[in-house]
């Protein structure tokens, strides 16, 4: 009989409370629930902290058993796989030294120093085979606390400068090692119970990475990989990657003639081609209409601003060293910056005249192009550029209006997502890092007010949220919208931020009902985020098959021969008069070739015209993805088309 004080009470996610012997592990709890669950448990979340499923639990606790279906379970699986990769490398490349090996969203990587030994994609297969050979041994991941002196002695003997460097930042009493098989690593964990859970492995890429991200340090070899608990799941993932290549916005952007880059113009500075410009303008007009309905006023600000403007806002202090260099003028007292943010300009618009509490909220909106110096190695198509346009707006409101305004912006963001087919999204509450407040401006009191407004607004809207510490902007917390695309990848798009600090720095005021001066609160918001990134993700999510209202070319008129070109041109004029965009294909090609080319270019409607259509004032209609819809009178087609255009 176990004494009452030797029992612990465990609260499970469904709210049920069960008693277990003190020192029970997550695996013990899983086994008592079902053998099937126990076979799938990767880690345990105990009072909000993820730990090994094999670690004892010595007090009453809330416990969640994590499997492959949980994001934290996957992260534990992939971090454990990084250790398995390291063990395989150590067996194959004697003398290898190890940096860090974290889990990432799509697997994991390990930064390693191979001591000059060559490594390329040709070596991937032997490393994968070694990983699976080791995994089949079902070696346990064994956790062992270490004193700092013991840890230093271990890595000094091993001759690993990178682990010794990491140890410098760790306090005695917080250091743990993990061992599986013949491999031991400095690691806080957690890890899966044993290597046998890993059934499939694939090395994905190899790249260079400076130690600690500092180009003054040695460049290590970064090996990216992914593992799965079943071979079929890895096969499915690799299939999705092939689909992603087909949808790559850089590839489709070129094929569909949407945008281009030029070395002479400069890296990271996209050129919008005619079709891409139509697409972009349709998106802007869509949001402009929604903003007018929501009470926003459009403004336009310059592409540059005085350096002093950004000194006042704090952007120069935070980002000046990483931005484009100041622009000098013949006047030695003048310095300008390419605009990195629109908000300081909007603060100055607010100050152009006295404001009353009756004037608030004031909502200023701008499609403003900003410029930020990204390292050349970090540039990637439209998703990471040096010049981009934000669908930016700033709401200046009274403190009592913050929550209502914030919730209205949530509604606007969700309207944008739903209109464009982004149905799988979540919201991330991005707060400041409580352990490092030096990265932020403003008082604790103002930060707490701003954070409370975001958390309460999201809760009242019923948004599913996760909280991330350290992800706030330097001037305020934010609500970031994370969207999963058709391939399951997660992107940060829309953002809403509450800011009590810039109004202080710019000394913004309004006269209250008490006839006294008060500070407004500032809400920053951008439903698209940046036009460039949003369009990149839209291209990949749709595979270039845009909604009809958004397609740069909605129809292609295809005359069977030159005898019907006049009818085709008259038809094109009629459709233009009804706000239908497209072109007439007058090439000397067979109709089959014209149809195929229109399909490849993802034109939604193909209108084929010949003798019968010209005589009857009709068109033969093909819809991309549906095939032949038959003959229609022109006015009937226009009605059909307009009924399909929803926005």
At a Förster radius of 45 Å, what calculated FRET efficiency corresponds to the Cβ-Cβ distance of residue 232 and residue 566, to the nearest 0.05? 0.20
FRET efficiency estimate (nearest 0.05) - Cβ-Cβ, residue 438 to residue 600, R0 45 angstrom: 0.25
Quick check: pseudo-label points 7 Å beyond the Cα along Cα→Cβ at residue 129 and residue 329, how many nm apart are they? 6.8 nm
Could you tell me the distance between the Cα centroids of the range 228-286 and the range 324-351, to the nearest Å? 33 Å
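Tell me, what does the Kirkwood hydrodynamic radius of the range 72-244 come to in angstroms if you use every pair of distinct C-alpha atoms?
Details: mean 1/r = 0.0606 Å⁻¹.
This gives a value of 16.5 Å.
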How far apart, in nm, are two points set 7 Å out from the Cα along the Cα-to-Cβ line at residue 239 and at residue 516? 6.7 nm
Quick one: in the range 356-496, what % of C-alpha pairs are over 28 Å apart? 23 percent
Rounded to 0.05, the calculated FRET efficiency for the beta carbons of residue 400 and residue 635 at R₀ = 51 Å is 0.40
Fraction in percent of alpha-carbon pairs per bin - 5 Å, the range 4-67: 4, 20, 34, 28, 11, 2, 0
How far, in nm, would the chain grow between residue 171 and residue 120 when pulled straight, counting 0.36 nm per residue and subtracting the alpha carbon separation? 14.6 nm
Mean shadow area (nm²) of the C-alpha convex hull around the range 205-343 is 15.5 nm²
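Find how much the distance from residue 199 to residue 452 grows on full extension, using 0.36 nm per residue of separation minus their present alpha carbon separation; answer in nm with one decimal.
Working: separation 253, 0.36 × 253 = 91.08 nm, distance 4.47 nm.
Going from the current span to full extension adds 86.6 nm.
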Which whole-angstrom value gives the distance between the alpha carbon centres of the range 498-547 and the range 603-618? 47 Å
Approximate spin-label separation residue 380-residue 11, in nm, with each point projected 7 Å along Cα-to-Cβ: 4.0 nm
In which sequence would 111, 636 go, from the one with the fewest C-beta neighbours within 10 Å to the one with the most? 636, 111
Pick the calculated Rg and Dmax of the Cα atoms in Å for this structure from [x] 24.1, 74; [y] 29.6, 99; [z] 25.1, 79? [y]
So how many Å³ per residue does the convex hull of the Cα atoms of the range 555-644 work out to? 85 Å³
Can you tell me the order of 550-562, 282-294 when each peptide is scored by its average per-residue count of other Cβ atoms within 10 angstrom, highest first? 550-562, 282-294
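Pop out the Kirkwood hydrodynamic radius of the range 1-145 from its pairwise C-alpha distances, inverse of mean 1/r, in Å to one decimal. Write out the running numbers ahead of the final one.
Numbers: mean 1/r = 0.0578 Å⁻¹.
In the range 1-145 this quantity evaluates to 17.3 Å.
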Length added when fully stretched, residue 214-residue 267, from 0.36 nm per residue minus Cα-Cα: 16.9 nm
Label the range 108-158 by shape, choosing from rounded, prolate and oblate, from the square roots a ≥ b ≥ c of the eigenvalues of the Cα gyration tensor; if a/c is under 1.5 it is rounded, and otherwise prolate applies when a/b is larger than b/c, oblate when it is not. oblate
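How do 237, 564 rank when sorted from fewest to most other Cβ atoms within 10 Å of their own Cβ?
237, 564
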Neighbouring Cβ atoms within 10 Å as the yardstick, rank 238, 493 fewest first. 238, 493
Going 7 Å from the Cα of residue 31 in the Cα-to-Cβ direction, what parts of the range 49-80 have a backbone nitrogen less than 12 Å from that spot? 54
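Bear in mind that the values in this text are calculations on the coordinates, not laboratory data. Please read all numbers here as calculations on a predicted model, not as lab measurements. A quick note on method: Cβ atoms are made from the backbone with ideal geometry, for glycine too, and the neighbour counts reach across all protein chains shown.
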